[in-house]
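S.K.: If you scroll down you'll find the structure; I have some questions about it.
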Amino acid sequence: MSKVIIKNVGKIFNAAAGQIPALQDVNLSVEDNEFVTLVGASGCGKSTLLRILAGLEYRTSGEVLCDGQSINSPGADRAMVFQHYSLYPWLSVIDNIKFSRQLKVNRENLTSSDVEAASGRADALLNLIGLNKVRSAYPNQLSGGMQQRVAIARALMGRPSILLMDEPFGALDAQTREVMHDLILHIHRVEKTTIIFVTHDVEEAIYLGQRVVLMQPRPGRIHSTFAVPLPAQRTQEMKHTVPFRELRAEILARIRQSTGITTDLDMLDQLNLQSTSV
């Protein structure tokens, strides 16, 4: 059985102007230890779908299964990393990573050996993300890339089998993003976690994913999926290869097709229309 199964999922938001369909008949299966990236134009429901998987948003219809169990609320088997780091400013790096272990629900029935194992896990994660030298620093003393590494380590602290990532590198500069790309691929190899990753960046989606899932808007649904023709061990130089560039061009063309936009000027016209109608 697949690790994640999404069956005919729909989501309708209620607004003052009436009901807004955000998702309709979404069907997707993700295998154990697979890295899947979701791309698509703004408003296609990528983040809404991820929040449903995390149990942070209720679906209106359909079913979501993780390891054969229906998902209706958050669970320790799933962890989510957001674009904004959401670190606790009064806690050090190591204490931010250990934070979930401080919650009462996670301290019940813990033995001394459990506590020791958790401490060892935090140290191992610090080494994995390369921040052992700043373990006692506070978030305001770290760069954006460092803060996001701490947020990733915190998400991994409870050994989730599924890691959900909602544009986690969107606020980072280009050079730091490349470093984070290679870091998350390394984490995927070491932790063997199933990762579902939302991004607007097609190049990022191809470089990270084993499969790229393209969603289309109004309402959000899956348009097409693409197998990534790259080896598991990725290097930045692969972005300049013919297979990479051809897949990038194909996905961009499909995004334009799915939104009815054929050129960048069409996109500009649409944005101008949206701004004048506000």
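The values are calculated or read from the model by the stated rules, or taken from the named source; none is laboratory data. The structure displayed is predicted, hence computed values, not measured ones. Reconstructed Cβ throughout: ideal geometry from the backbone, glycine too, with neighbour counts over all protein chains shown.
S.K.: Assuming GLN102 fulfils every condition listed in (1) of a type outside the set (Ser, Thr, Tyr); (2) modelled with pLDDT of 95 or more; (3) not assigned by TED's automatic domain parsing to the domain that holds PHE197 apart from one, which condition is it?
M.R.: So the condition that GLN102 fails would be (2).
S.K.: May I pose another question? Considering only the stretch 64-72, I want to know if a residue exists there that is surrounded by fewer than 22 Cβ atoms within 10 Å (Cβ to Cβ) and under 18 Å from VAL213 (Cα atoms).
M.R.: Among the residues of the stretch 64-72, at least one is surrounded by fewer than 22 Cβ atoms within 10 Å (Cβ to Cβ) and under 18 Å from VAL213 (Cα atoms), which makes the answer yes.
S.K.: Among the residues of the stretch 1-45, how many are of a type outside the set (S, T, N, Q), closer than 21 Å to VAL81 by Cβ and at pLDDT below 95?
M.R.: Looking only at that region, the number is 3.
S.K.: Helices (runs of 4 or more DSSP H) wholly in the stretch 167-259 with at least 1 residues that are at pLDDT below 95 and surrounded by fewer than 17 Cβ atoms within 10 Å (Cβ to Cβ) - which ones?
M.R.: 174-191, 242-259
S.K.: Pull out all pairs, ordered by first then second residue, where Cβ-Cβ is under 6 Å, the residues are six or more apart or on different chains, the first lies in the stretch 147-174 and is within 22 Å of LYS239 (Cα to Cα), and the second is at pLDDT 95 or above and assigned to a loop (DSSP other than H, G, I, E, B).
M.R.: GLU167/THR199
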